[in-house]
Amino acid sequence: MSNAPIPDLWIDINVERGAWAKALPGHESICQRAIQAAVAKGAVCEDEDEAQWEISVLLSDDDAIQALNRDWRGKDRPTNVLSFPAPPDDLPDGAPILLGDIAVALETTQREAVEQGKPLEDHFCHLMVHGMLHLLGFDHETDADADEMEPLETEVLAGLGIANPYPDRISERD
């Protein structure tokens, strides 16, 4: 990583649907902490003019996320997290750079946390880190991409006090 500055983040959190406040009372602070940690490990600004980034987070339910997944990815089922990187735009000087959107489904996130025996807060934090790394250009479509993204994701989560979500896959690559 270079010595370039880490960007200032503008994080817009929209709770569209679902019982997020009841299920996870600290959801907004978890979002902010996870996104900031992912950016601190995964990206730096090479240009002072790019020192402000904006990220939009949608916290919703399975029905809404299923519709997004169907309409944008052709997969007619709910999923835990979706990331939509923003296309590059010509922005006026001083305007924040829109990195993209992250959308999370409450019911799927809750179900996975129970199935995996994890606290909901830890699983949600993992999904936010995962989604943010996608907005920063990381992916896991190929083994080579996953070999780059998953250790970084694990490192970010460790810094947040969260266990490795990929213990079998990461240890196989070492």
Largest-first ellipsoid semi-axes for the chain, taking √(5λ) over the Cα gyration tensor eigenvalues, angstrom: 24, 21, 16
Relative packing of 123-133, 156-166, 55-65, which averages over residues the other C-beta atoms within 10 Å, highest first: 123-133, 55-65, 156-166
Within straight-line cross-link reach of K75, lysines at Cα separation under 27 Å, skipping those fewer than 8 residues along the same chain: K118
Label-point gap, in nm, between Q52 and D147 - each point 7 angstrom along Cα→Cβ: 4.1 nm
Helical mean residue ellipticity (222 nm; -39500 (n - 2.57) per DSSP H run of 4+; nearest 500) of the chain: -15000 deg cm²/dmol
When the convex hull of its Cα atoms is projected in every direction, mean area for the stretch 99-161 (nm²): 4.7 nm²
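Bear in mind that the values in this text are calculations on the coordinates, not laboratory data. Model, not experiment: these values are computed from the prediction. Heads up, the Cβs are rebuilt from the backbone with ideal geometry, glycines too, and the neighbour counts pull from every protein chain shown.
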